[in-house]
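Colleague: Here it is: the structure, laid out below.
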Number of protein chains: 2
Amino acid sequence: MTISALTKVSEQLCFGGRQIRFTHTSTVLSCDMQFSVFLPPQAEHGKVPALYWLSGLTCTDENFSSKAGAQRIAAELGIALIMPDTSPRGDGVPDDPDGAYDFGLGAGFYVNATAAPYATHYHMYDYIVTELPQLLEQHLPLSDKRAITGHSMGGHGALVIGLRNSERYRSISAFSPICNPVACPWGIKAFSGYLGDDKSQWQQYDASVLLAVAQDPQPLLVDQGTADSFYPEQLRTDNLIAAAKQSAVPAEIRLQAGYDHSYYFIASFIEQHLRFHARYLFD
Amino acid sequence: MTISALTKVSEQLCFGGRQIRFTHTSTVLSCDMQFSVFLPPQAEHGKVPALYWLSGLTCTDENFSSKAGAQRIAAELGIALIMPDTSPRGDGVPDDPDGAYDFGLGAGFYVNATAAPYATHYHMYDYIVTELPQLLEQHLPLSDKRAITGHSMGGHGALVIGLRNSERYRSISAFSPICNPVACPWGIKAFSGYLGDDKSQWQQYDASVLLAVAQDPQPLLVDQGTADSFYPEQLRTDNLIAAAKQSAVPAEIRLQAGYDHSYYFIASFIEQHLRFHARYLFD
């Protein structure tokens, strides 16, 4: 089935709603892309708000849909879940020269790349902020009420995209986000490759930098497990907490004792995140 | 860490409980095995009852633990989840001659094989009924209150093992079970290979045969999706319904409109199954 520019790959009933996988040709990424959507039962009768989930390194659109258990709560609340892929894909898309997991395919870092050879395809920022919502709100029963969340690299993406587009997202949350990519190994590698050596260009994609100067940002919830093997070196949660204090933003940044970086952690707290977003999506 | 005969591979916090993976050397299977356990928070303070989950073709102990979302309810109710593998494993274990997905590794069918070359290792019936509970109740905070459930091939296993051991399992449930393996392609292939051509030996592993003559069996709940691509040819749910009528067993066998064979279906109804079992595990 093709809905104009969207081709449905599969559809499965889940908690009375529709778990659907689509492909389409992305203009800003210059390649074919897959993504998943969960439409709650309420979408049969009218437009529903949407929560965007941005996944972490190595993930596709399927990790969150299969492992987080979010559909149960989304079906109860009447919220659509939008699950994009984590990078451009396909034969023409350049990967990490060494095939590393933390750069290139599966690791788009939600930036608009400016450095060769990545600048042609790696525009995940524009894809998430502009192209995908426009496409979805044209073809699916979605209102323009949006919220954004994600995990690890996707937590970084959610924080950055949310904070930079306060008119487009009513609330922001994140699990185990990369909070200060300009100051951690993952972020330094990614930003060097995608953006080049001019570090002034990196700042626009750093949640701690953005939050420190944020004026009246959206409600913000972050959960970080203390048994996470990437905490604190890669994630730098303390720097996000410091930035929130600096700007007097009432962000709720919680350390969850004993939890790790996995979907067992996400599943344990996803209900609280959906109920948090529901407060603002239905406001 | 080794608990006598159990070696812990990993442990992750999940909904306040402990998601643990163990390895051990199985006596009845003559090979090393992996399995997963979820211990709810209540297990820190005393023994808890256990629900055994038997998985389907191609699965390991990890499909249910990562995709079903059962830990949330198990943590609330105080029930341990036991997730075994689906066959013996290892270099010395014979597989399907053609490497097919529906026989051999990942497809033990929960029988005690009697035909060569499978009779040496393929004793999943004894492993599930005897060895694993004995090992777990010796080393983990589990009571001897047990229930059993599973999916597809594992739904077949749960029904057969439950019905044949009414003193060991207080309640039985299944998702999309292979209800009448002596009369479907999957079952005929498996039973021919594991048990040989004497079809009188197959009857003891057929849920419809067993249920038709059951005397006062345990409470029984079955869910089957009507959009399941294996329904009805492989699953033969109608024969289980007929068997329940024949023996006047008050089994609840439900057709769920529009659901398929996937974990999206299991996730949608696992809460109802856990609450069903809780009624009898805490009786």
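Colleague: Quick one: length gained pulling A:Ser30 to A:Asp98 fully straight, 0.36 nm per residue minus the C-alpha distance?
Modeller: Result for the pair: 22.2 nm of gain on full extension.
Colleague: For chain B, modelled as a GNM with alpha-carbon contacts under 10 angstrom, which of B:Thr130, B:Thr149, B:Thr86 fluctuates the most?
Modeller: Largest GNM mean-square fluctuation: B:Thr130.
Colleague: Measuring from a point 7 Å out along Cα→Cβ, what nm distances, shortest first, does A:Lys47 have to its partners in the other copies?
Modeller: From this label point to the equivalent ones elsewhere in the assembly: 5.9 nm.
Colleague: Rounded to whole Å, give me the distance from the Cα center of the range A:248-264 to that of the range B:30-77.
Modeller: The range A:248-264 and the range B:30-77 have Cα centres separated by 25 Å.
Colleague: Could you report the range A:210-283's accessible area per residue, 1.4 Å probe, as an integer in Å²?
Modeller: Accessible surface, normalised per residue, equals 46 Å².
Colleague: Distances from B:Gln203 to the same position in the other copies: list them in nm, one decimal, shortest first, using label points 7 Å from Cα along Cα→Cβ.
Modeller: 8.3
Colleague: A follow-up question, please. Would you be so kind as to list the residues of the range B:54-100 that have their accessible area lowered by at least 30 Å² in the full protein complex compared with their chain by itself (1.4 Å probe)?
Modeller: Residues shielded by partner chains are B:Ser66, B:Lys67, B:Arg72.
Colleague: For the range B:8-40, list whatever residues lose no less than 30 Å² of accessible surface once every protein chain is in place, relative to that chain by itself, with the probe at 1.4 Å.
Modeller: B:Gln12, B:Leu13, B:Cys14, B:Phe15
Colleague: A further question on this structure: Run the accessible area of the range B:185-283 with a 1.4 Å probe and give the carbon-and-sulfur part as a rounded percent.
Modeller: Solvent-exposed carbon and sulfur of the range B:185-283 make up 52 percent of the total.
Colleague: Between the range B:118-193 and the range A:174-195, how many Å separate their Cα centres?
Modeller: Their Cα centres are 48 Å away from one another.
Colleague: Another question, then. Assuming a ≥ b ≥ c are the square roots of the Cα gyration tensor eigenvalues, decide whether chain B counts as rounded (a/c under 1.5), prolate (otherwise, with a/b larger than b/c) or oblate.
Modeller: Oblate.
Colleague: Separate question: Only helical DSSP H runs with n ≥ 4 go in: add -39500 (n - 2.57) per run for chain B, normalise by residue count and round the 222 nm mean residue ellipticity to 500 deg cm²/dmol.
Modeller: It lands at -8000 deg cm²/dmol.
Colleague: What nm value, rounded to one decimal, do you get for the distance between A:Lys199 and B:Glu252 when each label is placed 7 Å out toward the C-beta?
Modeller: Inter-label distance under the simple model: 6.2 nm.
Colleague: Using a 1.4 Å probe on the protein heavy atoms, what percent of the accessible area of the range A:25-156 belongs to carbon and sulfur?
Modeller: Within the range A:25-156, the accessible surface is 48 percent carbon and sulfur.
Colleague: Tell me whether the range B:148-283 comes out rounded, prolate or oblate; compute the Cα gyration tensor, take square roots of the eigenvalues as a ≥ b ≥ c, and use a/c under 1.5 as the rounded threshold.
Modeller: oblate
Colleague: Chains B and A: buried accessible surface, both sides, probe 1.4 Å, rounded to 100 Å²?
Modeller: 1700 Å²
Colleague: Considering only the label points, 7 Å along Cα→Cβ from Cα, what distances in nm to one decimal separate B:Val9 from the same position in each other copy, shortest first?
Modeller: Once sorted, the set of distances for B:Val9 reads 2.8 nm.
Colleague: Could you state the accessible area per residue of the range B:1-143 in Å², with a 1.4 Å probe and every protein chain left in place?
Modeller: Ligands and nucleic acids excluded, the result is 35 Å² per residue.
Colleague: Which Cβ of chain B lies nearest the axis of the rotation superposing B onto A, and at what whole-Å distance?
Modeller: Chain B residue with minimal Cβ-axis distance: B:Gly69, 2.
Colleague: Apply 1/(1 + (r/R0)^6) to the Cβ-Cβ distance of B:Gln138 and B:Gln272, taking R0 = 25 Å, and write down the FRET efficiency to the nearest 0.05.
Modeller: 0.20
Colleague: Just to be sure I understand: with springs between alpha-carbon atoms less than 10 Å apart, which residue in B:Pro97, B:Pro41, B:Pro181 has the highest mean-square fluctuation in the Gaussian network model of chain B?
Modeller: Evaluated over chain B, the most mobile residue of the options is B:Pro97.
Colleague: Please give the FRET efficiency for A:Asp216 paired with B:Thr7, using the beta carbon to beta carbon distance and R0 = 56 Å, rounded to the nearest 0.05.
Modeller: For A:Asp216 and B:Thr7, the calculated efficiency is 0.55.
The values are calculated or read from the model by the stated rules, or taken from the named source; none is laboratory data. Quick caveat: nothing in here was measured; it's all calculated off a predicted structure. For neighbour counting, all protein chains shown are included, and Cβ atoms are generated from backbone atoms with ideal geometry for every residue, glycine included. What goes into the accessible areas is simple: the full protein's heavy atoms, side chains included, and nothing from ligands, DNA or RNA. Shrake-Rupley method; radii C 1.70, N 1.55, O 1.52, S 1.80 Å.
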